[in-house]
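Have a look at the structure below before the remarks.
The values are calculated or read from the model by the stated rules, or taken from the named source; none is laboratory data. Fair warning: this is a prediction, and the values are worked out from it, not measured in the lab. Please note: Cβ atoms are built from the backbone with ideal geometry, for glycine as well, and neighbour counts cover all protein chains shown.
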Amino acid sequence: MRKKNIFCAFLLFGQSFFVFSQVKIIFKTRKIAAPKQPSGHLFLAGTFNGWNPADSTWQLQPDGAGSYLLMKDMPKGISTYKITRGSWNTVECTSTGKGVDNRTLSLLHDTTVTLSVDGWQDSFAAVEKKHTATTQVHIINDKFEMPQLGRQRRVWICLPAGYESSKKRYPVIYMHDGQNLFDEYTSGYGEWGIDEFMEKLSPQEQCIVVGIDHGGDYRISEYDPYDSNYGKGRGDDYIQFLIKNLKPYIDAHYHTKTDAAHTAIAGSSMGGLISMYAVLKYPKVFGNAGVFSPAFWIAPDIYQLAKQQAITNKTRFYFVCGSAEGEYMVTYMQKMADIVRQKGVSTKNSPVVIIKDASHNEKQWNGDFPDFYNWLF
């Protein structure tokens, strides 16, 4: 088990409640591997733009001398990013096709960053993926209707061992980004391994986990309750779908404990943001939130909601992120924890966990989930 530090600190990139001194940064390319399918476009995608792989405001431009250049004014601090050619299928990689870790940018003063890329992911054959979901994982519906959004979505469920022969009623965790929870085959960058973790528990310790796929291009807008530069916020519509359609279906077809105290909602990044919103706005439905690496910076209005809402100590929040996600991630997350504690939530019911050297990825959240689960139950 990785060593964990629980402490107070956080601040984040982009939209902010603090005044940051700006520094000038120049990104320029040096050695860029020739792509199999030339596009002539290079982008930076990172914590500063919601990891958008084709953000025109973060596109490097030809400098006329065979290289690419981008000049920016940015706040001081730490951020992480990658280079793409416009999509995650065309992200940078090693010269042998293996994935690379996020780049880290630490800004204290005006600086120039020289970029080199050894390879591009689409120049290599895709690694063959295998289905890894256990027998306790089932797909409820590939096209579950979402009337509030006018869309359909795949919904998964992971049932406790011995569920079929048990008359017991179980707590439920609703989780976002369902593609990444149970099956390596459907995951983008690795899975959380929720079902494998459940198999290690005794049947008496297990619960029901429901996973809702994200909507691809709709992901940011569906997980954001507020309008932003990334589009109209449809987060409340998404939560209304959970409350009015999905949860009633789950409660009617499965042996569940339906009260808020036994209903949790959890997710990472944008999923952490919308989980926080759901518990703040609808505490009589969702009594517990798993807030993993939350993207609070995209929706700063979430802080005002937290200040306005009546929050009791019966409502519980688990905050967790990695120390290598940038100092801003830690500070903004702590800011939210401070608000809910000022409203009367105990530190026991709002722990802040910082994972030393962990980055913003499924590997981290896979490792974080067991402690969240143990805290939850």
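Among the residues of region 142-170, the ones that are of a type outside the set (Gly, Ala, Ser), over 24 Å from GLY235 (Cβ atoms) and in contact (Cβ under 8 Å) with a residue 60 or more places away in the chain come to 6 in all. Pull up region 1-23, narrow it to residues that are at pLDDT 50 or above and in contact with a strand residue (DSSP E or B) (Cβ under 6 Å, 6 or more places away or on another chain), then point me to the one that is surrounded by the most Cβ atoms within 10 Å (Cβ to Cβ). For region 1-23, the residue satisfying everything is VAL23. Elements of the type strands (runs of 3 or more DSSP E) sitting completely within region 24-142 and holding at least 3 residues that are surrounded by fewer than 19 Cβ atoms within 10 Å (Cβ to Cβ): these cover 59-62, 68-75, 103-107, 111-117. Does VAL155 fit the bill of being surrounded by 17 or more Cβ atoms within 10 Å (Cβ to Cβ), β-branched (Val, Ile, Thr) and under 16 Å from CYS207 (Cα atoms)? When the stated conditions are applied, VAL155 does not pass them. Checked against the criterion of being at pLDDT below 90 and surrounded by 23 or more Cβ atoms within 10 Å (Cβ to Cβ), region 203-218 has no qualifying residue.
What is the residue count in region 247-294 for residues that are assigned to a strand (DSSP E or B) and not hydroxyl-bearing (Ser, Thr, Tyr)? The total comes to 9. Among the residues of region 74-130, those that are under 30 Å from VAL330 (Cβ atoms) and touching a helix residue (DSSP H, G or I) at 6+ places or on another chain (Cβ under 6 Å) comprise GLY77, ILE78, THR84, VAL91, CYS93. State which residue is surrounded by the fewest Cβ atoms within 10 Å (Cβ to Cβ) when the search covers only region 295-320 and only residues that are among the small types (Gly, Ala, Ser) and assigned to a loop (DSSP other than H, G, I, E, B). Once the filter is applied, the top-ranked residue is ALA310. Just so you know, in region 321-338 the residues that are outside any helix (DSSP H, G or I) and not hydrophobic (A, V, I, L, M, F, W, C) include one that is farthest from the chain's Cα centre (by Cα), and it is GLY326. Looking across region 190-228, the residues that are touching a residue at least 40 places away in the same chain (Cβ under 8 Å), out of contact with any Cys (no Cβ under 9 Å at 6 or more places or on another chain) and among the charged types (D, E, K, R) come down to GLU191, GLU196, GLU199, GLU205, ASP213, ARG219, GLU222, ASP224.
Just to be sure before I move on: is ILE243 part of a helix (DSSP H, G or I), touching a helix residue (DSSP H, G or I) at 6+ places or on another chain (Cβ under 7 Å) and either of a type outside the set (D, E, K, R) or closer than 19 Å to GLY150 by Cβ (or both) in the structure I sent? The answer is no for ILE243. Residues in region 322-360 that are under 25 Å from TYR189 (Cα atoms) and surrounded by fewer than 22 Cβ atoms within 10 Å (Cβ to Cβ): SER323, ALA324, GLU327, VAL353, LYS356, ASP357, ALA358, SER359. Filtering ASP224, ASP237 for residues that are among the acidic types (Asp, Glu), outside any helix (DSSP H, G or I) and within 20 Å of ALA278 (Cα to Cα) leaves a single hit, ASP224.
Got a sec? Which of TYR218, TYR185, TYR230, TYR174 is of a type in the set (Ser, Thr, Tyr) and farther than 23 Å from MET146 by Cβ? From the options TYR218, TYR185, TYR230, TYR174, the qualifying one is TYR185.
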